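*Asks:* Let me give you the structure first, and then I'll get to my questions.
Only the coordinates and a few stated rules stand behind these numbers; no lab work does. Everything quoted here is computed from the prediction, not taken from an experiment. Backbone-built Cβ (ideal geometry, glycine too); neighbour counts: all protein chains shown.
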Amino acid sequence: DAKTTQPNSMESNEEEPVHLPCNHSTISGTDYIHWYRQLPSQGPEYVIHGLTSNVNNRMASLAIAEDRKSSTLILHRATLRDAAVYYCILRGGGSNYKLTFGKGTLLTVNP
Amino acid sequence: EPEVTQTPSHQVTQMGQEVILRCVPISNHLYFYWYRQILGQKVEFLVSFYNNEISEKSEIFDDQFSVERPDGSNFTLKIRSTKLEDSAMYFCASSLENPRENTEAFFGQGTRLTVV
């Protein structure tokens, strides 16, 4: 599985935007970029995914670099409920059914 | 909103005993998964299941583990003879479409297994 690199932790203030970076310099042409998050004492939760173009949904936006070697998850207005570990995961096609979680970024949101 | 349901939320068992962890995936989903997370560590893939058979499994998923979909709604993970190192949070997940199509997976809240 291609590797991703994320900062161990980040801090934000409530109601401010948060940009969570992810480097994936060995990404292959067929790898999708997925983001999941895990709130304290809960199971992982899907956030967003994309291939080449930037993506928006009700939870977040995903900005993908033109060379696809990095991406940024954007939370437009952080709330206390957004405090979680955020995982950037590459998922290819073929017979790959699994999600490979790394250590992720622990996001702290200050009131 | 539909959700994946896991029972029990916490299970304590003696070393060497068999345990069955139960999951009810989202009703129209076709692909089912088990993951585990040892305290303070990463979420690890165990197994995926489709069309009544295992489609992929990890090295962790050895002969002590088995999965079953005994009826149209439940999906179970059995550990035959538990070891202390099996203590972890176990997450069930399901997805509607083929994960090769890169659709999202929905996770349950987990079962905390404690082996004593």
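*Asks:* Considering A:THR72, A:THR105, A:THR79, which residue is touching a Phe, Trp or Tyr at 6+ places or on another chain (Cβ under 7 Å) and either in contact (Cβ under 8 Å) with a residue 12 or more places away in the chain or of a type in the set (Asp, Glu) (or both)?
*Replies:* Values: A:THR72 fails: touching a Phe, Trp or Tyr at 6+ places or on another chain (Cβ under 7 Å); A:THR79 fails: touching a Phe, Trp or Tyr at 6+ places or on another chain (Cβ under 7 Å).
Only one candidate qualifies: A:THR105.
*Asks:* A:LYS98 is checked against (1) closer than 16 Å to A:LYS3 by Cα; (2) touching a residue at least 40 places away in the same chain (Cβ under 8 Å) and fails just one. What number does that condition carry?
*Replies:* A:LYS98 satisfies every listed condition except (2).
*Asks:* Are any residues in region A:51-68 crowded, with 19+ Cβ neighbours inside 10 Å and of a type outside the set (A, V, I, L, M, F, W, C), and if so, which ones? Steps first, answer last, please.
*Replies:* Going residue by residue through region A:51-68, those that are crowded, with 19+ Cβ neighbours inside 10 Å are A:60, A:62, A:64.
Hits for region A:51-68: nothing passes.
Residues checked against (1) touching a residue at least 60 places away in the same chain (Cβ under 8 Å); (2) within 14 Å of another protein chain (Cβ to nearest Cβ):
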{"site": "B:MET15", "(1), (2)": "yes, no"}
{"site": "B:HIS29", "(1), (2)": "yes, yes"}
{"site": "B:TYR35", "(1), (2)": "yes, yes"}
{"site": "B:ILE38", "(1), (2)": "no, yes"}
{"site": "B:SER66", "(1), (2)": "no, no"}
{"site": "B:SER73", "(1), (2)": "no, no"}
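*Asks:* On the given criteria, is A:LEU90 over 14 Å from A:LEU20 (Cα atoms) and among the aliphatic types (A, V, I, L, M)? If you could, list the steps in order and put the result at the bottom.
*Replies:* On the way: over 14 Å from A:LEU20 (Cα atoms): yes; among the aliphatic types (A, V, I, L, M): yes.
Yes, satisfied.
*Asks:* Also, I was wondering about something else. Quickly run through region B:55-68 and pick out the residues that are of a type outside the set (D, E, K, R) and under 12 Å from the mean Cα position of the chain (by Cα). Reasoning before the result, please.
*Replies:* Quick first cut of region B:55-68, residues of a type outside the set (D, E, K, R) only: B:55, B:58, B:60-61, B:64-67.
Result: B:PHE61, B:PHE65, B:SER66, B:VAL67.
*Asks:* Considering only residues that are hydroxyl-bearing (Ser, Thr, Tyr) and in contact (Cβ under 8 Å) with a residue 12 or more places away in the chain, which ones fall in region A:20-47?
*Replies:* Our first condition is that a residue be hydroxyl-bearing (Ser, Thr, Tyr); within region A:20-47, this holds for A:25-26, A:28, A:30, A:32, A:36, A:41, A:46.
Those that are hydroxyl-bearing (Ser, Thr, Tyr) and in contact (Cβ under 8 Å) with a residue 12 or more places away in the chain: A:SER25, A:THR26, A:SER28, A:THR30, A:TYR32, A:TYR36, A:TYR46.
*Asks:* Could you say whether any residue in region A:81-104 is assigned to a loop (DSSP other than H, G, I, E, B), more than 8 Å from chain B (Cβ to nearest Cβ) and more than 26 Å from B:SER55 (Cβ to Cβ)?
*Replies:* Taking every residue of region A:81-104 in turn, at least one turns out to be assigned to a loop (DSSP other than H, G, I, E, B), more than 8 Å from chain B (Cβ to nearest Cβ) and more than 26 Å from B:SER55 (Cβ to Cβ).
*Asks:* Tell me which residues, restricted to region B:77-116, are within 17 Å of B:PRO8 (Cβ to Cβ) and part of a loop (DSSP other than H, G, I, E, B).
*Replies:* B:THR82, B:SER87, B:GLY108, B:GLN109, B:GLY110, B:VAL116 - these are the residues of region B:77-116 that are within 17 Å of B:PRO8 (Cβ to Cβ) and part of a loop (DSSP other than H, G, I, E, B).
*Asks:* Looking for whichever is of a type in the set (Lys, Arg) and over 15 Å from the mean Cα position of the chain (by Cα) here; the options are A:ARG37, A:ARG77. Which one fits? Break it down stepwise before answering.
*Replies:* Details: A:ARG37 fails: over 15 Å from the mean Cα position of the chain (by Cα).
After applying the criteria, what remains is A:ARG77.
*Asks:* Restricting to region A:1-30, give me the number of residues that are farther than 24 Å from B:CYS92 by Cα, touching a Gly at 6+ places or on another chain (Cβ under 9 Å) and acidic (Asp, Glu).
*Replies:* The qualifying residues number 0.
*Asks:* Check whether at least one residue in region A:59-77 is within 13 Å of chain B (Cβ to nearest Cβ) and of a type in the set (Lys, Arg), and report yes or no.
*Replies:* No; the residues of region A:59-77 include none that is within 13 Å of chain B (Cβ to nearest Cβ) and of a type in the set (Lys, Arg).
*Asks:* Additional query: For region B:69-112, enumerate the residues that are over 11 Å from the mean Cα position of the chain (by Cα), among the aliphatic types (A, V, I, L, M) and closer than 15 Å to B:PHE45 by Cα.
*Replies:* Residues satisfying the conditions are B:ALA88, B:ALA105.
*Asks:* Also, quick follow-up: Check B:VAL116, B:VAL47 and return the single one that is away from chain A (no Cβ under 14 Å) and aliphatic (A, V, I, L, M).
*Replies:* Working: B:VAL47 fails: away from chain A (no Cβ under 14 Å).
Every option except B:VAL116 fails the conditions.
*Asks:* Of the residues that sit in region A:3-28 and are within 14 Å of another protein chain (Cβ to nearest Cβ) and surrounded by fewer than 16 Cβ atoms within 10 Å (Cβ to Cβ), which one is farthest from A:GLY50 (Cα to Cα)? Outline the logic, then answer.
*Replies:* The initial filter retains those residues of region A:3-28 that are within 14 Å of another protein chain (Cβ to nearest Cβ), namely A:3-4, A:6, A:8, A:27-28.
Then keep just the ones that are surrounded by fewer than 16 Cβ atoms within 10 Å (Cβ to Cβ); that gives A:3, A:8, A:28.
Numbers: A:LYS3: 17, A:ASN8: 23, A:SER28: 13 Å.
Of everything passing the filter in region A:3-28, A:ASN8 is farthest from A:GLY50 (Cα to Cα).
*Asks:* Tell me, please, whether a residue that is of a type in the set (Ser, Thr, Tyr), more than 11 Å from chain B (Cβ to nearest Cβ) and either touching an Asp or Glu at 6+ places or on another chain (Cβ under 9 Å) or surrounded by 12 or more Cβ atoms within 10 Å (Cβ to Cβ) (or both) can be found in region A:29-50.
*Replies:* No: region A:29-50 contains no residue that is of a type in the set (Ser, Thr, Tyr), more than 11 Å from chain B (Cβ to nearest Cβ) and either touching an Asp or Glu at 6+ places or on another chain (Cβ under 9 Å) or surrounded by 12 or more Cβ atoms within 10 Å (Cβ to Cβ) (or both).
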